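Scroll down for the structure; my scribbles are underneath it.
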Amino acid sequence: MVKLSVVIITLNEEKNIGRCLESVKGIADEIVVVDSGSTDNTIEICRGFKARVIQHPFEGYIQQKNWAISQANYPHIISLDADEALSEQLRDSILSVKKNWKKDGYKFNRLTNYCGKWIRHGSWYPSKKLRLWDSRKGKWKGNNPHDKFIMEKGSRTKHLKGDLLHYSYYSIEAHIEQINYFSDILADTMYQSRKRVNFFIILAHPLWRFFRDFFIKFGFLDGFTGLIITVNSSHETFLKYIKLRNLYRDYKLHGKNRVCFFNSTRSWGGGEKWHYDVSTRLSEKGINPIVVTNKNSELKTRISDYGIPSYNIGISNLSFLNLFKVFHISRIIKREKVDFIITNLSSDMKVASFAAKIAGVPNIVYRRGSAIPVRDSFINRFFFGKVLTRIIANSEETKRTLLARNPNLFDKDKIQVIYNGISIKKYDSGEVTFKYASDNDEIILGNAGRLVKQKGQYRLIQLARILKDKGYKFKILIAGDGALQNDLIAYSRKMGMENEVVFLGFVDDIKGFMQSLDIFLLPSLWEGFGYVMTEAMVCRKPVIAFDLSSNPEIVVHEETGYLAEKNNMSSFAHYVEKLIHNPVLSRQMGEKGRIRVEEKFNIDKTISAMEDFLQR
């Protein structure tokens, strides 16, 4: 028999949630409720049913539901809305499935109660819903607010007997209010996807919706209530299109910027997180970005889940010489009416800025994320001198080193420093899923990052040897994956540190990882902006890093941690020992680190700086 997690998202659902939870008694092995700030008795009712309640800011229906299922302990999920409940026949069907799970997902009909009457015709019934599935076989997708769970190709599903009871609206007024709210979201979603609208669509689609639902789907058999539902559904169709038209009109009147973020990196790192955070936050503010990514990248997956329009293009160092690719990108930029293009890698900058120049984009921006001097080559002099209009640097050190080999490469007054930001609210909400089990007297040190030469994880193995020789009881946790993973594991064995150094692979719950540590270590050879240090600091962990690159802009020496002499492992180990012997000082530094992040590296400050940047 499989174990089943019931997952529900809520906001002020005291009228419905008790009925929903009552219906899953005897079926649920756990109940996970993700609440986005209820002010009524919703949370108290849920706890009365022994549900695990997690507070999480609402980011959209699709995003919220995907995050919610990630909090479940069991992969087999039944996802319900608070205003839904299982019928007795459906309960029996689900119990049978639990005992003999054969498919990847299970569908059932949803029967809706409207103002006290069950609706059995029109587009409302039978409304087949996929709500019971193996969460490893798909994700919530669709267009907000109309989300749906999409199974992977090749997944097998089956239809179950019994109805999912949906207690939708208790009054016609509530229905009309919801229509107005949903049509706003639908119009905005269509606008961001660049869906076009004309007079014919505005007129014909609502009429067709009425004819289809009332006559073809027999909505008239539900009597006067069926007529009300059909009229309101047609009205919603009309509203979403007329509001979409108004969005295009407002764009023409007020000239809102259309921003293209161009990032072809397959792996996930600080730059990709910056592009994701900034594009999604700007989207919420109506700036309507698009994102160009690699089709196999983590950024592509996360952007798609959020609903931002994206294009998939593979880029190499010589792609700017491929005129077919350049003109293909240029056509996309023209079609999307891009005002700003912001690129990531050097290879991205060359091909995308070239394409943007051809397309006549007025603002061609390169975001520089590495504190490494740009080579003084003919190609770079051309792009920096003739194509780029502005540069964003992720630290003062990145800005300083950018022109180290040629101070005339670019006008330094057109280089703006915008620090990476961290969502403090997101770190403070939700539960921890990762927790390293350690002995009580064991010191837990840790590092997170890609396993590449730049990040210097081999130095952590050297540190482990130093600490072990001095008799300390400790573990060094290394979170991340990359090209050097096998080499680092082999080096750890060679140094006799296979028991002290633990390679965890990629860790999705970075908050849980940080909370498992006593001290965070960053042994990088260089950094553009050590984003991971701010993640440690927001979790109140002291940081030890080398005094190089942008590290002094983040860590305040002897206040939020220590900055060891550049590339000096004896100095690095000295500071580690100092904090091991003084846990009170370690906690004080952690608290001061938290305050520094709140004051300097809050994501809200980053977005505010980006808005100013775009407006200028």
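Every number in this text was worked out from the coordinates using simple rules, so none of it is lab data. Remember, it's a predicted structure, so these values are computed and weren't measured experimentally. As a convention, Cβ positions derive from the backbone with ideal geometry for all residues, glycine included, and neighbour counts pool all protein chains shown.
What to note about this one:
- Residues residue 441 and residue 491, FRET efficiency given R0 of 25 Å [Cβ-Cβ distance, rounded to 0.05]: 0.35
- The distance between label points at residue 95 and residue 377 comes to 7.0 nm (points 7 Å beyond Cα on the Cα→Cβ vector).
- The chain: C-alpha gyration tensor shape, a/c 1.5 cut-off, then a/b vs b/c: oblate
- Neighbour-count order for 170, 191, fewest beta carbons within 10 angstrom listed first: 170, 191
- Taking a point 7 Å out from the Cα of residue 312 in the direction of its Cβ, none of the residues of the range 121-153 has a backbone N less than 11 Å from it.
- Sparsely packed trypsin sites (Lys or Arg not before Pro) within the range 350-455, loop by DSSP, other Cβ within 10 Å at most 15: 375, 405, 435
- Shape category assigned to the range 172-254 from the gyration tensor of Cα positions, a/c cut at 1.5: prolate
- The chain: angle of helix 583-600 to the longest principal axis, Cα-based, in degrees nearest 10: 60 degrees
- Take 516-528, 200-212, 9-21 and order them by the average number of nearby Cβ atoms within 10 Å per residue, most first; the result is 516-528, 9-21, 200-212.
- Helix 485-494 and the longest principal axis of the Cα set of the chain meet at an angle near 50°.
- Using only side-chain charges placed at the Cβ, +1 for Lys and Arg and -1 for Asp and Glu, the dipole size of the range 17-97 relative to its Cα centre rounds to 200 debye.
- Whether the range 4-169 is rounded, prolate or oblate, judged on the alpha carbon gyration tensor where a/c under 1.5 counts as rounded: rounded
- Theoretical gain in end-to-end length, residue 324 to residue 506 [0.36 nm per residue, Cα-Cα removed]: 61.9 nm
- Unsatisfied cross-links (Cα-Cα over 22 Å) in the set 3/137; 148/511; 102/141; 453/566; 273/566: 148/511; 102/141; 273/566
- Seen from residue 320, the other residues with C-beta closer than 14 Å to its C-beta sum to a net charge of +3, counting Lys and Arg as +1 and Asp and Glu as -1.
- DSSP beta bridges fully contained in the chain are about 25 percent antiparallel.
- Each stretch of four or more DSSP H residues adds -39500 (n - 2.57); spread over every residue of the chain, this sum gives -12500 deg cm²/dmol at 222 nm.
- For residue 150 and residue 242, a Förster radius of 30 Å and the Cβ-Cβ distance give a FRET efficiency of 0.55, rounded to the nearest 0.05.
- Modelled label reach - residue 408, point 7 Å along Cα→Cβ, the range 363-401 residues with backbone N closer than 19 Å: 374-388
- Sequence ranges 173-180, 391-398, ranked by mean other-Cβ count within 10 angstrom, highest first: 391-398, 173-180
- Radius 14 Å from Cβ of residue 179, net charge of other residues (Lys, Arg +1; Asp, Glu -1): -1
- To the nearest ten degrees, helix 223-254 and the longest principal axis of the Cα atoms of the chain are 40 degrees apart.
- Shown for 159, 235: other C-beta atoms within 10 Å of each C-beta, ranked fewest to most, produce the order 159, 235.
- Reachable lysines from residue 15, criterion Cα separation under 24 angstrom, eight or more residues apart if same chain: 25, 50, 65, 117, 129
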